[in-house]
Amino acid sequence: MLTIFSTPKPFHGHIGIIQRNAIKSWKLIHPDVEIILFGDDEGASEVCQELGIRHEADVRRNEHGTKFLNYIFDRAQSVARHQYLCYANCDIMFASDLWRAFERVKSWNIPFLMAGQRWDVELTEPWNFERSDWESRLVELIGHSGTQRPEDWIDYFLFSRGLYTSIPPLVIGRVHWDQWLIWKARSVKAAVVNASSVVRAVHQNHDYSYHPEGAQGVWSDEQSIRNREVAGGQRHLYTLQDATYTLTCEGADYNWFHRLPPLKRAIRPVWAPTWFRFLGFTRPIRRKLGLRKGFIANASKRRADRS
């Protein structure tokens, strides 16, 4: 019922370990899961053969060698065995809660996108999937040392086949393509489901040595800037705050406030400069009155200490 697809980095050292951890966890979600790995990165063919998953070596890249999102999504939707697909970054581990959430949303029988926030953990060794309690141990690791990232850190997208067409030339491995995927689902009136509270997407921390400028380069180099431009700018960059539904243990809650974030983004360029000019203009007055940064917080703390 579900095809998970991704594209890896070369299977070297630590990144090789965590990518194997991720793929192995996908295989154990449910017997009826197809996995497709895109790209001719070093070690990919051998890992696919070893783990018995499908390998699509051909992938289109830009002049820097970075992979195009549209080619991978178009090809995956064309060759997948199943009607529902999930793109996941190749360092994300899943447990069976992904499948349970998927079955709940699939039962609505409407086009949808399900996504969620990730949990960051430190993992440096191969995960022992031979243990019967591998999943509960993973949940325990999240509880002890995991950090849930904000609503704009999205590393998986589970969607109805055919949802994504006419994808602009965004590249994977830089920012903004993930937020564009949320906007696209909203723009075609699909249900966008925030599954953060019921799906534990486990991101295994790693360095950014694949970029000469590290993490900062990934966020701000010319390819990231280009991604933002071809995505259509800020108005096409949505987060999980824009989801129309929130999935919980009890059911699905309609997000009555999903129209507010786009309005906030639209007016921010207008009110932000005015607000900062106001702060600059009133700074001398606020200083005379003692209304400096932290004044209110410190006053509240003093009242709390006295009570």
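Is it the case that residue 77 is assigned to a helix (DSSP H, G or I), among the polar types (S, T, N, Q) and farther than 20 Å from residue 202 by Cα?
When the stated conditions are applied, residue 77 passes them.
Please work out which residue is surrounded by the most Cβ atoms within 10 Å (Cβ to Cβ), limiting yourself to the stretch 174-208 and to residues that are farther than 24 Å from residue 99 by Cα and in contact with a Ser or Thr (Cβ under 6 Å, 6 or more places away or on another chain).
174
I'd like the full set of residues that are acidic (Asp, Glu) and either buried (at least 19 other Cβ atoms within 10 Å of the Cβ) or assigned to a loop (DSSP other than H, G, I, E, B) (or both), limited to the stretch 222-243.
Answer for the stretch 222-243, where residues must be acidic (Asp, Glu) and either buried (at least 19 other Cβ atoms within 10 Å of the Cβ) or assigned to a loop (DSSP other than H, G, I, E, B) (or both): just 242.
Determine which single condition residue 139 fails, assuming it passes every other condition in (1) among the aliphatic types (A, V, I, L, M); (2) touching a Lys or Arg at 6+ places or on another chain (Cβ under 9 Å); (3) under 29 Å from residue 227 (Cα atoms).
Exception for residue 139: condition (3).
Run down 49, 77 and say which single residue is over 14 Å from residue 22 (Cα atoms), touching a residue at least 60 places away in the same chain (Cβ under 8 Å) and not aromatic (Phe, Trp, Tyr).
77
Please indicate, with yes or no, whether at least one residue in the stretch 273-290 is modelled with pLDDT under 70, in a loop (DSSP other than H, G, I, E, B) and either out of contact with any Leu (no Cβ under 6 Å at 6 or more places or on another chain) or more than 30 Å from residue 103 (Cβ to Cβ) (or both).
Looking through the stretch 273-290, at least one residue is modelled with pLDDT under 70, in a loop (DSSP other than H, G, I, E, B) and either out of contact with any Leu (no Cβ under 6 Å at 6 or more places or on another chain) or more than 30 Å from residue 103 (Cβ to Cβ) (or both).
Would a scan of the stretch 38-56 turn up a residue that is touching a Phe, Trp or Tyr at 6+ places or on another chain (Cβ under 7 Å), surrounded by 19 or more Cβ atoms within 10 Å (Cβ to Cβ) and under 21 Å from residue 120 (Cα atoms)?
Scanning the stretch 38-56, I find no residue that is touching a Phe, Trp or Tyr at 6+ places or on another chain (Cβ under 7 Å), surrounded by 19 or more Cβ atoms within 10 Å (Cβ to Cβ) and under 21 Å from residue 120 (Cα atoms), so the answer is no.
Mind telling me which of the residues 196, 187, 220, 145 ends up being within 21 Å of residue 4 (Cα to Cα) and among the polar types (S, T, N, Q)? Reasoning before the result, please.
Details: 187 fails: within 21 Å of residue 4 (Cα to Cα); 220 fails: within 21 Å of residue 4 (Cα to Cα); 145 fails: within 21 Å of residue 4 (Cα to Cα).
On inspection, the qualifying residue turns out to be 196.
Within the stretch 93-114, how many residues turn out to be assigned to a loop (DSSP other than H, G, I, E, B) and either crowded, with 19+ Cβ neighbours inside 10 Å or free of Cβ contacts under 8 Å to residues at least 12 places away in the same chain (or both)?
Residues flagged as assigned to a loop (DSSP other than H, G, I, E, B) and either crowded, with 19+ Cβ neighbours inside 10 Å or free of Cβ contacts under 8 Å to residues at least 12 places away in the same chain (or both) within the stretch 93-114 amount to 4.
Condition (residue is assigned to a helix (DSSP H, G or I), at pLDDT 95 or above and surrounded by fewer than 21 Cβ atoms within 10 Å (Cβ to Cβ)) applied to the stretch 115-135: is it met by at least one residue?
Yes - at least one qualifying residue is present in the stretch 115-135.
Would you mention how many residues in the stretch 143-159 are within 17 Å of the chain's Cα centre (by Cα) and either among the small types (Gly, Ala, Ser) or farther than 17 Å from residue 194 by Cβ (or both)?
Residues of the stretch 143-159 that are within 17 Å of the chain's Cα centre (by Cα), as a first pass: 146-159.
Checking the rest, the ones that are also either among the small types (Gly, Ala, Ser) or farther than 17 Å from residue 194 by Cβ (or both) come to 146-147.
Selection size over the stretch 143-159: 2.
Is the stretch 146-156 home to any residue that is free of Cβ contacts under 8 Å to residues at least 60 places away in the same chain, assigned by TED's automatic domain parsing to the domain that holds residue 98 and in a strand (DSSP E or B)?
Within the stretch 146-156, one or more residues are free of Cβ contacts under 8 Å to residues at least 60 places away in the same chain, assigned by TED's automatic domain parsing to the domain that holds residue 98 and in a strand (DSSP E or B).
The values are calculated or read from the model by the stated rules, or taken from the named source; none is laboratory data. The shown structure was predicted, so the numbers you read here are calculated from the model rather than taken from an experiment. Cβ atoms come from the backbone with ideal geometry, glycine included; neighbour counts cover every protein chain shown.
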